[in-house]
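What follows is one structure encoded as structure tokens, with my remarks underneath.
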Amino acid sequence: MLNHNFLTYSGKISLRILAEIIYFPVWWYGPGLVRTIKKLSLFWLNQEKLIGFSVWLKNIFVPMYGQSDFGGRVISFVMRFIQVIVRGLLLLVWLLIVLAALIIWIISPLVILFLLAAQISSLSGSI
Amino acid sequence: MAKEEKIIFTDEQNNGGRGAWFLERFLFWGREANRSTIFLDRTVERINHIFVYLTWLLIFGGWLSFGWWVYLNVDSLIQDPWTILWFWKNFDPLIFFFLSTLWLDLFLFYRHCLKKDFSQRINYRRLDKKPSRHSRKKYNIAAGFSDEAIRLIDDAYILAARLKQPEVAVIHLFRSLLKSKDIQNLFIRLNTDAKRLIEMVDRRLVKPVKVTRQEGRRRFSGPTEEIFVQAFIDAYRLRQKSVDVFNLIAFCAQRDPYLEEILLELEIDQDKIKNVVAWFRVNRRLLDNYNNYRRLAILKPGGNMNRSYTAIATPTLERYARDLTVDAKYGALDICVGRDKEIEAIFEAFTGGHNGVLLVGQPGTGKSTIIGGLAQLMVAENVPIFLKDKRLLELDIPRLVSGASASEVSERLLICINEARRSGNIIFYIDNLENLLGSSSGANEGLNLSEVLAEAISRKSIFCLAAATKENYSRFIETEAIGDLMTTVGVSEPEVNEAIQMLESKVGFLEHKYDIYIVYSALEQAVVMSKHYINDKYLPLKAFNLLEKAVIGTSRNEKDGTTFCGGEQVAAAVSEITGIPLSKITTSEREKLLSLESEIHKRLIGQHEAVEAVSASLRRARAALKDSKRPIASFLFLGPTGVGKTELAKSVSQVYFGDEDYLVRIDMSEYQAADSIRKMIGDVDGTVGYLLKRCAKNHSL
């Protein structure tokens, strides 16, 4: 009884471990990819909040420092325009970084595979 | 959600385990346990650990071999650094090893993510949905338990097996739960002698448990499985990620009468355990909230400018007001607990088109703390849209009125209001609003500043929050224009449990400041006793002050070795403040009470009937059998002059309260006119009467 139980349970556990290894590539391009995209976009949105790009864009025609006369409006529009451009560029840099991270996620298993294949082929070539 | 649903346990059809219907599903404990599976699980876990260490080692080795390769080829790399990009071109064992271990990097990351995602054990998506006719109605709760809980449950199984018990009873579960660090902390907070508790439980373990089921293999007893189900439902209601040890411990005592007895002997009951568990959870939630808050606070501007730069410079306001949002950003304000309703009412009033909100409540009920809580919400931008990206400024009235004539003061206030209006990102807060009324510095110039404020509010040019005590509101504010304009939000005194929760959030601060460990009974007693015995102040402040006094007292006695502040220390502090004997009935007091008659007769001869009646009622009061809202007793002594009516009263005061001075003596011949009642109980204009004045402070005779 005990032995039987032991055997079936250890069989179950080995299956579980095997499944975990097989699931690895599936996860990487399935749930794992989704998870990464979610995390990265959250990160980027946080950067947006920190930079305040949307706040500046939304208020682009609103005079700064309560200066609602004509001159004030013109100056603040120019100022805000410059701010929007600079902040937008900063945000773009972050976007590129985030995209780069995503691309690294997608290609890294393939790259490793390719490099290993190159190693092996060069080994067989040299033999 | 089925919050009040009663749980009825039944037997499961297939294998006879216990379970219960909850949310139209049958919850049952479906984890198979026997020694071999537990052994295998633990072995796998151990192998897992070894695997992780080994992986780290290999990863390290991989990078090391890459470094070694660079070192070997350093000459050619210096000549042409770009060749490092072609490191993979030619076969090299070092490079091959390095590339192979890169897989392990990815694999380890994959395992880490899986584990992190797997911490959400309770499947709310499935449980919250009504089961359709075809879906499975049985729900195995074992999958919802945390790793630690499962490990301790397995330990309980092993313990029962080692003791050759036919069933895993509640006592086994309880004993293995005591191994958990969290549970140990819980009993420390309850000021329990852990050694004694373990001894008592161990003694019980030796005795064979009552078998609830006759079966070949060992399994969990009915009550134990019921605890699992209850713990699961508890965790579900609290929306926890998984069932943890606290959920389990809360129900153990209920299910085993002997265990209940043990705990009662150590002065622990079900409620105490539940309250301390709640305390731990509140602390954890506060910590989570705080971390989240700090992350959000980075975004809040620290100066007078808002994020969209539409605000203007406000030099006058900087002088006469304090920026609460900046204080909140840097964590200088107290945490606000259990006042969601009041804050919600403030939001509602503002969104309902009222520009002025007045908090009215007794002093010490936490009006300023609510405002602090609001400031923190504003920092986290967790507020309705019109409060987003705004500053909360507390107007400093004493500074505003100091050293200026009335007209100058009103000018200052007007400038402040004007700055706020033009800046558009400012919400005012005025504590003690009554200070604005009738503030006239010069004797001849009587100007009511509240009119200036009232006008600004009525024109909806500013948002204004204010606070006042109940008494001042009805005396000064209610009849003024400003009183009409402002929506009042009542801040009531919290109930006992709420007050305990509020205190719990402050314990960390007190413990840190005085280096004293505060146990649960201290909190409970601080709230209960201050509610009973300190009548001229209000919760939660009076409980906090009392607790602090007790803590200071304890820290002073620290040299004697006491670093715990418990209920007795709080009782001593109450006793010190009020002069009433409160510490647990000590022998001397008990003797005094039992021999009250003879004590009184030391001063008074005769009058046995009266003395006995008075003594009996005092004993009754001390045994807490009286109604706490009524006087301990009322007597009418009748008799001719000189037989000892006054003397009896005096002796009781002397014997029981310790001094004759606790006697409030009222000579009714002074109160013969109809209007002299005012002299006794006070007048509408606020004069406090003689009787009230004496009674409010102390227990008196």
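Some notes on this structure:
- Accessible area per residue, Å², the range A:6-126 with all protein chains present, probe 1.4 Å: 63 Å²
- The angle separating the long axis of helix B:496-514 from the principal Cα axis of greatest extent in chain B is about 80 degrees.
- Chain A - Kirkwood radius from inverse mean 1/r over Cα pairs (Å): 20.1 Å
- Chain B, relative contact order in percent, only Cα pairs under 8 angstrom and at least six apart counted: 9 percent
- Treating r as the C-beta distance of residue B:481 and residue B:675 and R0 as 22 Å, the FRET efficiency rounds to 0.05.
- Cα-projected label distance for residue B:71 with residue B:115, points at 7 Å along beta-carbon direction, nm: 3.1 nm
- Estimated buried accessible area (total), pair B and A, 1.4 Å, Å² to nearest 100: 3700 Å²
- In degrees, nearest ten, helix B:449-458 long axis to first principal axis of chain B (Cα): 50 degrees
- Accessible area of the range B:1-155 belonging to carbon and sulfur atoms, whole % at 1.4 Å probe: 62 percent
- Distance (nanometres) between label positions extended 7 Å along Cα→Cβ at residue A:45 and residue B:269: 4.9 nm
- Relative contact order for the range A:6-126: 26 percent, from Cα pairs under 8 Å spaced at least 6 residues apart, divided by residue count.
- Positive-pole candidate from B:264, B:103, B:649, dipole of chain B, charges at beta carbon: B:103
- Taken per residue, the accessible surface of chain B reaches 53 Å², heavy atoms only and a 1.4 Å probe.
- Three principal axis lengths of the protein assembly as shown [C-alpha, angstrom, descending]: 129, 92, 61
- By the combined test of axial Cα extent (at least 18 Å) and Kyte-Doolittle hydropathy (mean at least 1.0), the qualifying DSSP H helices of chain A come to A:70-126.
- Burial here means at least 10 square angstrom less accessible surface with every protein chain in place than with the chain by itself, probed at 1.4 Å; in the range B:32-64 the buried residues are B:32, B:34, B:36, B:37, B:39, B:40, B:41, B:44.
- Computed E for residue B:82/residue B:388 - FRET, C-beta separation, R0 51 angstrom, nearest 0.05: 0.45
- Protein heavy-atom surface of the range A:6-126, 1.4 angstrom probe: 81% of the accessible area is carbon and sulfur, with nucleic acids and ligands not counted.
- Distance histogram for chain B (every C-alpha pair counted, 20 angstrom bins, percent rounded to whole numbers): 13, 31, 33, 19, 4, 1, 0
- Helix B:541-556 vs. chain B, principal-axis angle (Cα, 0 to 90°, nearest 10): 70 degrees
- Residue B:633/residue B:196 FRET efficiency (R0 41 Å; Cβ-Cβ; nearest 0.05): 0.50
- Paramagnetic label zone (point 7 Å from Cα along Cα-to-C-beta, residue B:43; backbone N under 14 Å) in the range A:8-30: A:8-15
- Burial of 30 Å² or greater, the range B:103-122 residues [accessible area, probe 1.4 Å, versus chain by itself]: B:103, B:106, B:107, B:109, B:110, B:113, B:114, B:117
The values are calculated or read from the model by the stated rules, or taken from the named source; none is laboratory data. Just so it is clear, the structure is predicted and the values come from calculations on it, not from any experiment. Every residue, glycine among them, receives a Cβ derived from its backbone with ideal geometry; neighbour counts consider all protein chains shown. Areas reflect the complete protein model, heavy atoms only, side chains present, ligands, DNA and RNA absent. Shrake-Rupley method; radii C 1.70, N 1.55, O 1.52, S 1.80 Å.
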